[in-house]
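The values are calculated or read from the model by the stated rules, or taken from the named source; none is laboratory data. Quantities reported herein were computed from a predicted structural model and do not represent experimental measurements. For neighbour counting, all protein chains shown are included, and Cβ atoms are generated from backbone atoms with ideal geometry for every residue, glycine included.
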Amino acid sequence: MTPDLTEGSELADDLRHRPSRLPLLGLALLAVGALAWLAVDAFQESVVYYLTPTEVEAESSEGRFRLAGLVVDDSLHRDAAGTLHFEVTDGDATVAVRFDGRVPDSLEGGAEAVAEGRIGPDGVFEADTVLTRCASKFEAELESEHTR
C-alpha cells in the first residue's frame, strides 16, 4: 500500500508543516567551524619558537619567541628603576636582554638561559619570562660518580 500524498491528505499536510532541519544543521556546522577556528588560533598563539642570538640577528624576528643562549659574563646589571639588563650569546652573536621580573637564583654569567618575549623598538629583547639551567652542578656530580 502506497501512502496517500494527494493534496489535502493528512500525510501531505504533515509533511508540509514539518519544520525543516536544514537551518539547524547549518547552525551546527557553523558552531563546529567556529570552535575549530578558535582552537587553531589559540594553538598558533601558544606556539613559541626558540631562536639563538645568531638567528635573531640574521632574520627580522617579529612576534613572540624564545631566545636561548649563554649569559655573557659580567653583563648582569640593574638600572635605577630595578630593571635587569644582561646579554645572551651563542658564541657567534650577542643579544641584549631587558627583564623586569623575578630573577632565577641561578642566573649568572655562563649560565644557560631562555628568555621569552619580543624584540623592542630599540633592538633590545624585552623578556617577560627568564628561565635558567645550571648544568655545572649536575655535570660535577656525574663526573664524580664516573671517577669512583
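Per the conditions (1) at pLDDT below 65; (2) assigned by TED's automatic domain parsing to the domain that holds THR89, the sole criterion not satisfied by ARG64 is (1). Restricting to region 51-65, name every residue that is closer than 13 Å to GLU126 by Cβ and part of a strand (DSSP E or B). Scanning region 51-65 gives a single hit, PHE65.
Residue by residue, here is whether (1) among the acidic types (Asp, Glu); (2) surrounded by 10 or more Cβ atoms within 10 Å (Cβ to Cβ); (3) modelled with pLDDT of 80 or more holds:
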{"residue": "ASP13", "(1), (2), (3)": "yes, yes, no"}
{"residue": "PRO19", "(1), (2), (3)": "no, no, no"}
{"residue": "ALA31", "(1), (2), (3)": "no, yes, yes"}
{"residue": "ALA34", "(1), (2), (3)": "no, yes, yes"}
{"residue": "VAL40", "(1), (2), (3)": "no, yes, yes"}
{"residue": "VAL88", "(1), (2), (3)": "no, yes, yes"}
{"residue": "VAL95", "(1), (2), (3)": "no, yes, yes"}
{"residue": "LEU107", "(1), (2), (3)": "no, yes, yes"}
{"residue": "VAL114", "(1), (2), (3)": "no, yes, yes"}
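Is it the case that region 71-85 has a residue that's outside any strand (DSSP E or B) and closer than 15 Å to THR52 by Cα? Scanning region 71-85, I find at least one residue that is outside any strand (DSSP E or B) and closer than 15 Å to THR52 by Cα, so the answer is yes.
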